[in-house]
Amino acid sequence: MTTETPSDQRPSLAELSSPLVERLVADAAVLRLGIQRVGEACVIDAGIRHPGGLEAGRRIAELCMGGLGRVALGPVPGVPAWPFGVTVHSAQPVLACLGSQYAGWSLSHGSGKSAFFALGSGPGRALARQETLFDELGYQDTADSAAFVLEVGTVPPAELVAHIASTCGIAADRLTLVLTPTQSLAGTTQVVARVLEVALHKLHALGFPLGHVVDGIGMAPLPPPGGGFLTAMGRTNDAILYGGTVHLHVTGPDDEAEDLAKRLPSSASRDHGQPFAEVFAAVKGDFYAIDSMLFSPARVTVTAIDSGRSFQAGELTPDLVERSFRDVR
């Protein structure tokens, strides 16, 4: 039994996310967002010069999942001092998380101090198709508009905006870019809302068949925003690595589900056990020197729906979450 569906029978990420973009723009004043035009594209400021907020971050996270995910703010158990968090669910977790939410398109322009760099995430990636991942997914979207979320603190240059639109095969005035600095309220929220996506990305790295993933839900505590980028990056990672929980429902043999559960939690990594900011400092800021297996939720449940058996591994580490959420760098 598999769950793979031909691309032409799967939902259009662009079509599902278009109404979310329209509502975000229409409610910009209420959500404390800024709207401007850069190279004819619509650029939404969710934390650079306009403060944004938790609700903006929640909506941006749903947009980032291509309209195939639901994100809620509310009580999250596990870390007593930080009782509120984010819960994420998708009935199409592979397409929502890997086909849309994953920050997989490397975007850059210029050099030196004026250089701009960002990793593009969101439904527009399925139009651009600049990653071999889409060949694995067997998915290609078609639309006359595109939306991306960029975790940045500066506005992209018009030349890069034109490049993004051209690569997507759309007119520049049909492109929307949502900017969410990590340390902003919206940025913090939308990053922590990647708790399910982080699990899917590691699952893919472990070689588990993507077609066997049927459903998924995850949750993680919401860190306090603010401070510098390093503080925010550390806290948002730790919210998932040490405070995140994911439950996946898969088809296939029990032994595959059990093996996945054992290998999926962040505790399976050699770098587990320290706040992320300290891990990052220990490798002198070389992100790629960090064990890639660290990037996963703290605790997982994998249910093999063919047999009804569930397998659990990992555990929450509330003391590390507490340490991270109070540390300022």
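Specify which of the listed residues (Pro297, Pro223) is in contact with a strand residue (DSSP E or B) (Cβ under 8 Å, 6 or more places away or on another chain), under 21 Å from Thr189 (Cβ atoms), touching a residue at least 12 places away in the same chain (Cβ under 8 Å) and part of a loop (DSSP other than H, G, I, E, B).
Values: Pro223 fails: in contact with a strand residue (DSSP E or B) (Cβ under 8 Å, 6 or more places away or on another chain).
Testing whether each residue is in contact with a strand residue (DSSP E or B) (Cβ under 8 Å, 6 or more places away or on another chain), under 21 Å from Thr189 (Cβ atoms), touching a residue at least 12 places away in the same chain (Cβ under 8 Å) and part of a loop (DSSP other than H, G, I, E, B) leaves just Pro297.
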Legend entry - the range 170-200 - residue that is under 23 Å from Met293 (Cα atoms) and either more than 15 Å from the chain's Cα centre (by Cα) or of a type in the set (Gly, Ala, Ser) (or both) and, of those, surrounded by the fewest Cβ atoms within 10 Å (Cβ to Cβ): Ala199
Legend entry - Candidates Gly78, Gly53, filtered to the one that is over 23 Å from Val30 (Cβ atoms) and of a type in the set (Gly, Ala, Ser): Gly78
Legend entry - Count of the range 280-291 residues which are closer than 17 Å to Val198 by Cβ and more than 21 Å from the chain's Cα centre (by Cα): 0
Inset, instruction - Kindly list the number of the only condition in (1) open to solvent by 10 Å² or more (accessible area, probe 1.4 Å); (2) in a helix (DSSP H, G or I); (3) farther than 25 Å from Pro181 by Cα; (4) in contact with a Lys or Arg (Cβ under 9 Å, 6 or more places away or on another chain) that fails for Asp255. - result: (4)
Inset, instruction - Check the range 270-286 and report whether any residue there is surrounded by fewer than 17 Cβ atoms within 10 Å (Cβ to Cβ), in a strand (DSSP E or B) and touching an Asp or Glu at 6+ places or on another chain (Cβ under 9 Å). - result: no
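Among the listed residues Gly78, Gly34, Gly53, Gly85, identify the single one that is in contact with a Gly (Cβ under 7 Å, 6 or more places away or on another chain), in contact (Cβ under 8 Å) with a residue 12 or more places away in the chain and more than 20 Å from Thr142 (Cα to Cα). Walk me through how you get there before you give the answer.
On the way: Gly34 fails: in contact with a Gly (Cβ under 7 Å, 6 or more places away or on another chain); Gly53 fails: in contact with a Gly (Cβ under 7 Å, 6 or more places away or on another chain); Gly85 fails: in contact with a Gly (Cβ under 7 Å, 6 or more places away or on another chain).
Just a single option satisfies the conditions, and that option is Gly78.
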Legend entry - Residue that is assigned to a strand (DSSP E or B), exposed (fewer than 13 other Cβ atoms within 10 Å of the Cβ) and under 19 Å from the mean Cα position of the chain (by Cα), where the choices are Gly120, Gly85, Gly74: Gly74
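Taking Val149, is it β-branched (Val, Ile, Thr), under 25 Å from Val214 (Cα atoms), in contact with a strand residue (DSSP E or B) (Cβ under 7 Å, 6 or more places away or on another chain) and not in a loop (DSSP other than H, G, I, E, B)? Spell out how you get there, then give the answer.
On the way: β-branched (Val, Ile, Thr): yes; under 25 Å from Val214 (Cα atoms): no; in contact with a strand residue (DSSP E or B) (Cβ under 7 Å, 6 or more places away or on another chain): yes; not in a loop (DSSP other than H, G, I, E, B): yes.
Judged against the criteria, Val149 is not a match.
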Inset, instruction - Within the range 320-327, identify whether any single residue is basic (Lys, Arg) and open to solvent by 30 Å² or more (accessible area, probe 1.4 Å), and answer yes or no. - result: yes
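The values are calculated or read from the model by the stated rules, or taken from the named source; none is laboratory data. Computed from a prediction, not measured in an experiment: that's the story for all the values here. Positions of Cβ are generated from backbone atoms using ideal geometry, with glycine treated the same way; all protein chains shown enter the neighbour counts. Each accessible area value is taken on the protein alone, full model and side chains, heavy atoms only, with ligands, DNA and RNA left out. Shrake-Rupley method; radii C 1.70, N 1.55, O 1.52, S 1.80 Å.
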